[in-house]
Amino acid sequence: MAGGSSIDVLGQFELHPVLGGLGEALRFSQSPLYMIMAACLVLAFLYFGMRPAAVVPGRFQAAAEVCYEFIHSMAVDTIGPEGTAFFPFIFTLFFFILAGNYIGLLPFSFTFTSHIAVTLALAVMVFLLTVIVSLKVQGFRFFAHFMPAGASMFLAPLLIPIEILSFLSRPVSLSIRLFANMVAGHVMFEIFASFVIMLAGFGVVGDVFAIGPIAINVALVALELLVGVLQAYVFAILTCIYLREAVAH
Amino acid sequence: MGVMMKIVRAGLLATVSGVSLLVMAAPGAHAAGMPQLDFHNPLVTGQVIWGGVIFLGFYLVLSQIMLPRVGRVLEDRSKRISGDLDVARSAKQDADKAVAELQQARKDAMAEAQANLQKTLDAEQQAADKKLADINARLSAEIADAEKRIAAEKAQAFGTLKEIAADTTQALVSRLTGVTPDAQLVAQKVDGAIAHQNI
């Protein structure tokens, strides 16, 4: 953006109403459209993968089963035996974010996880869930967590605000981590892609040097594939850790 | 130590979050036009509502239909595998039992054969012992017989010897002295000499 009007790195995050006036009236932009696509993609993957329901799975079915078992073992190993109850939620969360991140990597598409409103809503949902589960399982003992066991009473005026602040900052860090990673990746794509176009203006020399930014963008795609799955995993595993604290007696 | 770490971590987290919130809330950032932070745009907030609806629908379809279906397939498989394992385990037990039986039978047969062999050997030994004793008895009887015969012959030989000795003595004396000694006396003297020589 500092480079003037020729590089518009933020334009890709703009929301446009779908179906003109109807989308405007319903506040329906391309972002919810991509959410629906992401959800349908995951459901189609599971549906067509599991359709043979074979005892000896083919590749497609094995992939669907690996997804199931990966999240299932993550939920049960991290949360404990109560993890089975939260498994569908963790699965939904992980694959909603993963599909969102990966669909966003396709050219001309949109990444809904690059919007702080979306990631913050997801994080607040996780936060509220952990608070509700905590209050349900532990009752008022939940508030005892804000005073670390074994700490001196003199430190209480310092520790309790810090613990409360750290607890309340969970949804903020959770949402900003995902949002910032996605925005940074897509801004990088845009910047290096713009370099290619700018270099093209310098004739043959520019064409030769344009190979550099293209190569960087190719490498960035690999990096973003890693970041996409990593951020979905981090979001899901942190949710599991918060839920483990919530269900601990 | 743990508390200090926690304090440091919480402080860092609070700083990062605070700075991020400040940046987000700063009017400059808004003016620079980060579309994500344009909360006056109804489409930005609309994402939350639509996202909630879509997430809920996604969750319901997954938790009610899709995931139980995958779970059933996995459960069927593990049940089938454990069933097959049970069958294999019982087959192995049967085989183990058969092997044990076979080994027992073999051991029994071996013991029986050993006993038979021992019995035969014992019988042979006894028979051999008896034969040996018989031979010994016969031999000792024959030896005793022979000894008796030798003794008789010896006695007989001694008797003849006495006569020869007496005759020789008589002949010697008559040759030396020209007088023929009394046969009775000579016999007496020879007897005495024999007794004296303790032959």
**Asked** For A:Val126, what charge total do you get from the other residues with a beta carbon under 14 Å from its beta carbon, if Lys and Arg give +1 and Asp and Glu give -1?
**Response** +2
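If you roll a 1.4 Å probe over the protein assembly as shown with all protein chains in place, what percent of the accessible area is carbon or sulfur? Provide the component values of the computation, followed by the final result.
Working: 18830 of 27380 Å².
Answer for the protein assembly as shown: carbon and sulfur cover 69 percent of the accessible area.
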**Request:** Sum up the charges of everything whose Cβ sits under 11 Å from the Cβ of A:Val247, counting Lys and Arg as +1 and Asp and Glu as -1, but leave A:Val247 out.
**Result:** 0
**Asked** Taking N as the number of residues in the stretch A:17-247, what is its Cα Rg relative to 2.2 N^0.38 Å?
**Response** 1.27
**Request:** Using only protein heavy atoms and a 1.4 Å probe, report how much of A:His72 is accessible, in Å² to the nearest 10.
**Result:** 50
**Request:** Could you tell me, in Å, what Rg and Dmax come out for the Cα atoms of the protein assembly as shown?
**Result:** 57.3, 194
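To the nearest 100 Å², how much accessible surface do chains B and A hide from each other in total, with a 1.4 Å probe? Numbers along the way, then the final one.
Numbers: alone 17490 and 14290 Å², together 27380 Å².
In total, chains B and A hide about 4400 Å² from solvent.
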**Complete:** Length gained if B:Leu172 through B:Ile143 is fully extended, taking 0.36 nm per residue and subtracting the Cα-Cα distance, is 6.3 nm
**Message:** Taking the solvent-accessible surface of protein heavy atoms with a 1.4 Å probe, what is the per residue accessible area of the protein assembly as shown in Å²?
**Reply:** 61
**Item:** Largest to smallest accessible area among B:Arg89, A:Arg170, B:Arg69 [probe 1.4 Å]
**Value:** B:Arg89, B:Arg69, A:Arg170
**Prompt:** To the nearest 10 degrees, how steeply does helix A:59-79 sit against the main Cα axis of chain A, on a 0 to 90 scale?
**Reply:** 40
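As a test of the formula, what do you get for chain A when each DSSP H run with n ≥ 4 contributes -39,500 (n - 2.57) and the sum is divided by the residue count, at 222 nm and rounded to the nearest 500 deg cm²/dmol? The partial results should precede the final answer.
Details: 8 runs with 181 residues, N = 249.
Calculated at 222 nm, the ellipticity per residue is -25500 deg cm²/dmol.
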**Solvent-accessible surface (1.4 angstrom probe) belonging to A:Arg244, in square angstrom, nearest 10** = 110
**Request:** For helix A:30-50, report the angle its Cα long axis makes with the longest principal axis of the Cα atoms of chain A; keep it between 0 and 90° and round to the nearest 10°.
**Result:** 70
**Message:** Taking R0 as 60 Å, what FRET efficiency do you get between B:Phe158 and B:Leu117 from their Cβ-Cβ distance, rounded to the nearest 0.05?
**Reply:** 0.50
**Request:** Hey, can you grab everything whose amide H is under 5 Å from the amide H of A:Ser29? Only 5+ residues off in sequence or another chain; H modelled, so Pro and N-termini drop out.
**Result:** A:Val18
**Request:** With label points built 7 Å along Cα→Cβ from the Cα atoms of A:Met198 and A:Ala222, find their separation and express it in nm.
**Result:** 2.6
**Request:** Round to a whole angstrom and tell me the spacing of the C-alpha centers of the stretch A:96-123 and the stretch B:71-150.
**Result:** 81
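Taking R0 as 45 Å, what's the FRET efficiency between B:Ala109 and A:Ala62 from their Cβ-Cβ distance, rounded to 0.05?
Values: r = 55 Å, r/R0 = 1.21.
Between B:Ala109 and A:Ala62 the formula returns 0.25.
The values are calculated or read from the model by the stated rules, or taken from the named source; none is laboratory data. Note that the structure is predicted; figures quoted are calculated from it, not measured. As a convention, Cβ positions derive from the backbone with ideal geometry for all residues, glycine included, and neighbour counts pool all protein chains shown. Accessible surface is based on the protein model in full, side chains and every heavy atom, while ligands, DNA and RNA are left aside. Shrake-Rupley method; radii C 1.70, N 1.55, O 1.52, S 1.80 Å.
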